[in-house]
Amino acid sequence: MPHLLIRGVGPEQIRSVSRKLTEELSAICGCPRGDFLLEVLHTTAVSADGELADSYPFIEVAWFDRGPAVQDRFAQAVDRHIREALGLPELEIAFRAYRERDYYAGGISFGSEPGDSPSAGEELEELRESNRKLAEELRKARKALASASGGGMSTRLRDALRE
């Protein structure tokens, strides 16, 4: 992972740029070069009139989302190493992001450790709910203190709440 599904570009063309491309993508993503798979798909395009046509140069990147800044740098590197280096007039790139929790190898999810119960997303939501409850309790306590002391708060109490 990442997996590049390449259509409309020949395998020999991709082989000629694969080393430099994967070196740069590895640096951008912070993962080993061996994690990349460049898969050249042999496709047959048919025009709206039923005629056989050349496949349009198109690359679909299947990966774990790394944010828009990394995605932009990734797309620019792919475009530079494939479209520009191979002299293609056009190339489109699309990203398909997998959630680690929903991606499995050998029947084991990438997003959980064996024995984990809640997923990372569930755990995060539980923490957010707990944080909301604590913030509400703090707001109520501050309001009660303000009304009990006639709107003012002693310096000692203020210092204690800061800690």
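Computed from the coordinates by the stated procedures, all read-outs in this text should not be read as laboratory data. Treat the numbers as computed from the prediction; the structure is a model and nothing was measured. So basically every Cβ, Gly included, is an ideal-geometry build from the backbone, and we count neighbours across all protein chains shown.
A few notes on this one:
- Computed from the C-beta positions of Arg80 and Lys140, the FRET efficiency with R₀ = 41 Å rounds to 0.10.
- Dipole-positive endmost among Pro2, Gln13, Phe58 within the chain (Cβ charges, Cα centre): Pro2
- Here is what passes the span test in the chain: the DSSP H helices with alpha carbon length of 20 Å or more along the helix axis and a Kyte-Doolittle mean of -1.0 or above are 11-29.
- Kirkwood Rh, angstrom, the chain [1 / mean 1/r, Cα pairs]: 20.5 Å
- Quick note on region 1-94: its Rg to Rh ratio, both from C-alpha atoms and Rh being the Kirkwood radius, is 0.99.
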